[in-house]
1. With a sphere of radius 12 Å drawn around the Cβ of Ser109, what net charge do the other residues whose Cβ falls strictly inside it have (Lys, Arg +1; Asp, Glu -1)?
2. Please arrange Thr388, Thr310 by how many other C-beta atoms lie within 10 Å of their C-beta, fewest to most.
3. With +1 on each Lys and Arg Cβ and -1 on each Asp and Glu Cβ, and nothing else charged, work out how big the dipole of the stretch 143-259 is about its Cα centre, in Debye to the nearest 20.
4. Would you mind computing, in nm to one decimal, how far apart the modelled labels at Glu305 and Ile129 are, each placed 7 Å from Cα along Cα→Cβ?
5. P(r) for the stretch 309-425, please, calculated from all Cα pair distances in 5 Å bins and given in %.
6. Is the shape of the stretch 190-288 rounded, prolate or oblate, going by the alpha carbon gyration tensor and its root eigenvalues a ≥ b ≥ c, with a/c under 1.5 for rounded and a/b larger than b/c for prolate?
7. Considering only the other residues whose Cβ falls under 14 Å of the Cβ of Leu450, what net charge follows from Lys and Arg at +1 and Asp and Glu at -1?
8. Distance cut-off 29 Å, Cα to Cα: go down the list Lys282/Lys446; Lys210/Lys272; Lys194/Lys336 and report the pairs above it.
Amino acid sequence: MGLEIKNTGTGRTFSGLCHSPAFPSVLRTLIGLWVIGAIFALKPTTAHSAKQKTLRKEAPKSKSATPASPVRRLTKTQSEVPADAIAIERREHVVQRTKVGDTLQELLSRFGLSNAEGQLWTRSVHRDIGPRGLLPSGKEIHFYFTKPTLGTRQLPQLKAMEVDFSDTSTLTWEKGIRGILFQKREKPYDVELKTVGASVEDSLFADGQKAGIHPTLLSQLADIFTWDIDLEKEVHKGDSVKILYEQRSRKGQEKNASLRILAAELVNAGQKLTAIYFEKQKGLGNYYNLEGRSLARSFLRFPLEFTNITSQFAHSRFHPILKVNVPHTGVDFAAKRGTPVRAVGDGVIAIADWNGFYGKMVEIQHDSTYTTRYAHLDRFADGVHNGTAITKGQIIGYVGSTGRATGPHLHFELYKDQQYIDPLSVDFPAEDLIEPTLQTVFDNQKEIFLVELSSAPQS
């Protein structure tokens, strides 16, 4: 291309002159140098302007870049989701709600999994929780798939599966190099510390509930002090109670919160009883008095949560059915039919069967010394059979009137060295004491709880 120069003074244009043979070579050289110099003189200014612009404005995003696709969540039932409605390339996270008649094998086949892959997952689930444990109607199951390469006929691969098994736990299966691994995880929960208190006018249970004390806490209180006082019969007007407790709940399940007493103070006839909850091992706690002596015994005092004794132990008693004087070898507790019956101590079930005038009866051998009997049951608790190991407080049956009985009640007997004795006359020793190595930890926790307890309202 030829060089064109315009003279701003005359308006004349010199075009192609530089390439003329007649044009002096020296002058051509000078003009060339002037043009080059002008170009270099302009370049720094242009670069500086570009830099300033970059600082003030974000660089535009590449049109070819594709933002990450959000997780796809499907909450329709399988019948509402056609097989071709979910593109394989988008099947990273799929949520399916089960319906009546669904099987896991059928459900997995709808996602395009091979028959072998579906059987592998089905066997794993059945092994861990049983054949129907995962698929009750209306259950949401989360499936996580690998993302096949676009444009290929590669079948989807199930990477993980998750389901809300209960209000407290989640079940997960994850496929790895060692096969499908199963895990049961507890859902996180929130913990709140609260205090409550009440003064007694008529009864602790009636006045306590009026003051906002939850029945669960009153039940726990009765068990904590069971060897010291009968809260139903020995607490009177002028007595009072203060409770520090923790409330554990999961988001959205506050109505089903679990409650546990951490400290309690009961004033009865001017005497103060105090209980402090302390865990020697994580998850294994007990209640202690201020001196660090356990309030619990190796046995519960009563096999029912609330007691209403209608007939006590006696060597001679007029029998309401036989109409003659005969020994009464135990204690009768009146209760509604279906009231849960608790084992008073650890042991092994020797009898869980019909036993003559006892009706449906459970006999527990606790050790080489003590045996207990629970008679006239309406039915046995699930899993209660001869030879079953039982823990203290475990439900073993329900109050009834089977056998020789005039109405629903529990007949409870205690044997020592194969001789029946009065269950209410035995004061078993304390289970344990705070060891010297834990005394400082216990004392520190005790002081914290007592400070919190002092702030409890008193109605």
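1. Once all neighbours under 12 Å are counted, the net charge is -2.
2. Fewest-to-most Cβ neighbours within 10 Å comes out as Thr310, Thr388.
3. Computed about the Cα centre, the dipole is about 1360 debye.
4. Result: 2.8 nm between the two label points.
5. In order of increasing distance, the bins hold 2, 13, 22, 26, 21, 11, 4, 1 percent.
6. It comes out oblate by the Cα gyration axes.
7. Value of the local net charge: -2.
8. Numbers: Lys282/Lys446 17 Å; Lys210/Lys272 22 Å; Lys194/Lys336 32 Å.
In this structure, Lys194/Lys336 exceed 29 Å between Cα atoms.
Only the coordinates and a few stated rules stand behind these numbers; no lab work does. Remember, predicted model here, so these are calculated numbers, not experimental data. A quick note on method: Cβ atoms are made from the backbone with ideal geometry, for glycine too, and the neighbour counts reach across all protein chains shown.
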